[in-house]
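Heads up, the thing below is written out as structure tokens.
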Amino acid sequence: MTGETEAELTGAEPSRNRRRPKAPIMEIEGRKLKPATLMMGHGYDPTLSEGSLKPPIFLTSTFAFESAAAGKRHFEGVTGLRPGGAEGLVYSRFNGPNQEIAEDRLSVWEEAEDALLFSSGMSAIATTLLALVQPGDVIVHSAPLYAATESLIGRILGRFGVQWLDFPAGATDGEIGAVLEKAKGMGRVALIYLESPANPTNVLVDLEAVVARRDTLFAGGDHQPPIAIDNTFLGPLWHHPLAHGADLVIYSLTKYAGGHSDLVAGGVLGSDALINTIRLMRNTIGTILDPHSAWMLLRSLETLELRMSRAGENAAKVCAWLKDQPQVEKVVYLGFPDNERQADIYRRHCTGAGSTFSLYLKGGEAEAFAFLDALKIAKLAVSLGGTETLASHPAAMTHLSVPAERKKALSIGDNMVRISIGCEDADDLIADFAQALRAMGG
């Protein structure tokens, strides 16, 4: 033997990792298989792992190469000399079987060309920004964003001369276009970053309008800024941004994808070209998800559709009840948008209303705290998308660091409570909310 692999000798295309089947089954007799079916085995061949029905956890820091030539070829992928990442397993900062299988399955939901896993949602966002944004660039984003994302853009990247402009989540086509045009005059617009629905106000962004305005304003130029969207609140079941023109989809996989409030993870999906760029940054700074959490995520993806469907059904019942209660000022829930603009975006973009919503109570912080402290079934905790119902106070918790005037402008008030409905019995949840509303007094 001269060091060539079997693939090189036969002309066959090498597999990126030996735990993946060479030809994944995506259809049967012309019928395209649904994501819920593919979650049970896509990207994994039991015969390559001693017949284990489920992928083992590969707790190793490094992997043995079949030859020196293979090691060189794999490092050509890791370093970017050859696009697409390593063709085989190298080192756990770069890739691993559990991570790659989970990335394959995550891609299925969005029909993305490729996906990457990260150690948290924020590491996914930070790695993406570091890969795509240069000193002095401009970022345009919707508002509000998750507070840590706003801090990363405004405070951290701001140290390196990065500028930003924003528009409100429910902005009209004209408002979006005006902000993009102004940003174009400030410098190189590196990225358009969206969050829809916005956290924590639950207001939708018109992604299609952003795409149309971007395409018009930057047509024929040397650089067309990619559009990245945080799809944590609705994805991957109720919103598919790539189908509406987004270039990258970002997730806190801690939420619905993980779904059991027992892991922290993030993901980015999109085109091969953009994912390759982000992968190189991930390889450098080491923000990949660990193998055990990736294995747990694989478990969770198998029940994703069931969990999200049940939570969505529960939320519809709970919100229909909440909106008529005398202690409630308003409920911002996608199932009954409060204006035609939001209703139009919802009809065009979404296949479901989700299970996370904003509840505005009559009163202020005292009434909101009384409500939260009285809950018995719902847990007083941040995060969302778990099997259990969670409730929190954004102004005093997740968005505490947002300046008071900005919170006021973005309708993040002291009377706002964010609720993520879980998989409990809907009538039991209504009973819990009823007694908590009574505990507010007045």
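The values are calculated or read from the model by the stated rules, or taken from the named source; none is laboratory data. Quick caveat: nothing in here was measured; it's all calculated off a predicted structure. Here the Cβ is made from the backbone with ideal geometry for all residues, glycine too, and neighbour counts use every protein chain on show.
Observations on the structure shown:
- Checking THR232, THR216 one by one, the residue that is under 19 Å from ALA171 (Cα atoms) and hydroxyl-bearing (Ser, Thr, Tyr) is THR216 and no other.
- Tally of residues being surrounded by 11 or more Cβ atoms within 10 Å (Cβ to Cβ) and assigned to a loop (DSSP other than H, G, I, E, B) across the range 41-67: 18
- Among residues of the range 264-284 that are in the same structural domain as ALA126 (by TED's automatic domain parsing), those with a beta-carbon under 8 Å from a residue that is among the hydroxyl-bearing types (Ser, Thr, Tyr) and assigned to a strand (DSSP E or B) at least six positions away or on a different chain give the pairs ALA265/SER252; GLY266/TYR251; GLY266/SER252; GLY267/TYR251; VAL268/TYR251; LEU269/TYR251.
- Criterion (crowded, with 24+ Cβ neighbours inside 10 Å, in a helix (DSSP H, G or I), of a type in the set (Gly, Ala, Ser) and touching a residue at least 24 places away in the same chain (Cβ under 8 Å)) met by exactly one of ALA126, ALA102: ALA102
- Residue in the range 206-224 that is within 21 Å of ARG348 (Cβ to Cβ) and part of a strand (DSSP E or B) present: no
- Residue match in the range 178-186 (condition: within 28 Å of HIS393 (Cα to Cα), hydrophobic (A, V, I, L, M, F, W, C), not assigned by TED's automatic domain parsing to the domain that holds LEU410 and not in a helix (DSSP H, G or I)): no
- Counted residues, the range 364-401 - those being in a loop (DSSP other than H, G, I, E, B), of a type outside the set (Gly, Ala, Ser) and under 18 Å from GLY121 (Cβ atoms): 5
- Residues located in the range 169-224, provided they are within 16 Å of GLY245 (Cα to Cα) and either modelled with pLDDT under 95 or of a type in the set (S, T, N, Q) (or both): SER196, THR216, ALA219, GLN224
- Per the listing ALA209, ALA169, ALA198, the residue uniquely within 23 Å of THR127 (Cα to Cα), among the aliphatic types (A, V, I, L, M) and out of contact with any Phe, Trp or Tyr (no Cβ under 6 Å at 6 or more places or on another chain) is ALA198.
- Matching residues, the range 361-373, being within 17 Å of LEU322 (Cα to Cα) and crowded, with 17+ Cβ neighbours inside 10 Å: LEU361, GLY363, GLU367, ALA368, ALA370, PHE371, LEU372
- Test: residue in the range 91-98 that is among the hydroxyl-bearing types (Ser, Thr, Tyr), within 15 Å of ASP290 (Cα to Cα) and in contact (Cβ under 8 Å) with a residue 40 or more places away in the chain: yes
- Filtered by the rule that a residue be in contact with a strand residue (DSSP E or B) (Cβ under 7 Å, 6 or more places away or on another chain) and of a type outside the set (Gly, Ala, Ser), the range 150-175 gives ILE153, VAL162, GLN163, TRP164, LEU165, ASP166, PHE167, PRO168, GLU175.
- When the range 241-255 is filtered for residues that are in contact (Cβ under 8 Å) with a residue 60 or more places away in the chain and assigned to a loop (DSSP other than H, G, I, E, B), the ones remaining, listed by number, are LEU253, THR254, LYS255.
- Any hit, the range 326-342, residues being out of contact with any Cys (no Cβ under 7 Å at 6 or more places or on another chain), at pLDDT 95 or above and among the small types (Gly, Ala, Ser): no
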